[in-house]
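Worksheet: the structure to be examined is printed underneath.
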Amino acid sequence: MVGTSENIGNYKQRTVRVTPLLVCIWDCICNGSKRCYRGNGGQSIAAQEDAFMGVFINDEKQFRQKIRAVPGKRKYIIYQQESAETVRIRLVKLTEEQYGKVWITNLITDAPVTRDAIPSRHLLFIGDSLTAGYGVDGINGISAFRTADEDVTKTYAYQAAEMLHADSRIVAYSGNGVLSRWIAPEQDTPYTKNILPEIFPYIQNEVPDLIVCNLGTNDASYVRQIPSRERAFVEKYTDFIQQLKKVFADAKMLLLYGLMEQTLCEKVQETAQRCGTEFLKLPLQNPVNGMGTDGHPGARTQQEIALYVERYMEQMMMWRTDER
C-alpha cells in the first residue's frame, strides 16, 4: 500500500510505475458540486454533476478507463492484470474543479510503486470553458452540458504541454472571467460572484516557467464593445496579471485570445502590452471542424490550436520538443 493525500481538484496528472502488478485499487474521496446558473436576475440549481477521472496505461493517448468519482469515499479498481509486468499508470482529472474535487488517499497494490520523475518544464494554464474542455465530446445544438462530455486531455492546453514534455497545471472555470462571468443577452449588469481573480489558487506546488492565460470570452458577453466597459476590462485584467507576476516573479507570461469570439482581441493585446507580456491571437474556430456543446470548440479544433500554441511557446521559451 502506498499512502498519499493528493488533492487533484484542478486538472493535474499523477503518474506511478508498478511492477509486477495484479490489482491496483484507488482509494479516493470526492466532494460533489451543483451547477449554479444565473439568468433573468435569478439563480437556479441544477442536478449534481460528478467529477470524472481518466486512467491511462503506459503511453496511451486515450484513457483505458473513465471513472465517475461520486461524492464520498470510494475504492476503485483502476488496473488489474494476471501476469506480472511493469506498467505506467497516469491518473488524470478530466473535469474542472467547480464540478467536484478529488483526493487520492491510498493506492493499494500487491507490488512496489514508484513515481515518475517530474519533468523539468512547468506550465500553468489559466482559463475558462475553452481551456477546461467544456462540451468537447458533446454536439452543438443537441447536447446539454454535462461533465461526462468534458475532457481536459482533448484541450489545446493539455496537448501542447504533452508536445513540450512539460508538467502542466490547468486551472479553468467555465463561465468565468476577470470583469464579469457570462451573462445572457437580456441582462445588462456584470455577474461578479466568485469572479476568477478572487478564487484563483495563487499557491501552487510547482513554480511555473510559463503562465498561459486565455480569458475574456465570458467578459465579452457583458462588455459588448462599450468603451467604458472595455476600459474596465483592461483594468481588471491588468490587475490580475500584475498579481500573478508578483506571486510568480520568475515566470514568463503569454496571453491568448480569439478562439470563440474576437471583439476583445485588441483589449487583451493592450493588457499584454501594459504588463510586458506576450500576446498571441488565436484563429477563430471553424464550424466545419465540428463544434461541441453550446458552440464550444470540438476535439479537432482543440488539436489544431494545440499545435498553433505549442509552436509559439516553443519559440518563446527556446524549448525543443525533442528535449525534456
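Brief remarks on what is shown
- Scoring V212 on the criteria (1) assigned to a helix (DSSP H, G or I); (2) among the β-branched types (V, I, T); (3) within 21 Å of the chain's Cα centre (by Cα) leaves a single failure, condition (1).
- Qualifying residue in the stretch 184-202 (condition: surrounded by 22 or more Cβ atoms within 10 Å (Cβ to Cβ), of a type in the set (V, I, T) and assigned to a loop (DSSP other than H, G, I, E, B)): no
- Looking only at the stretch 275-324, and only at residues there that are of a type in the set (V, I, T) and crowded, with 16+ Cβ neighbours inside 10 Å, the one that is farthest from the chain's Cα centre (by Cα): T277
- Checked against (1) farther than 19 Å from D137 by Cβ; (2) out of contact with any Leu (no Cβ under 6 Å at 6 or more places or on another chain), D110 meets all criteria but (2).
- Residue in the stretch 230-253 that is assigned to a strand (DSSP E or B) and in contact (Cβ under 8 Å) with a residue 12 or more places away in the chain present: yes
- Strands (runs of 3 or more DSSP E) completely within the stretch 98-175 that count 2 or more residues being closer than 28 Å to Y308 by Cβ and either assigned by TED's automatic domain parsing to the domain that holds G72 or over 9 Å from the mean Cα position of the chain (by Cα) (or both): 122-127, 167-172
The values are calculated or read from the model by the stated rules, or taken from the named source; none is laboratory data. None of the values given here were measured: they were computed from a predicted structure. Neighbour counts run over all protein chains shown; Cβ positions are idealised from the backbone, glycine included.
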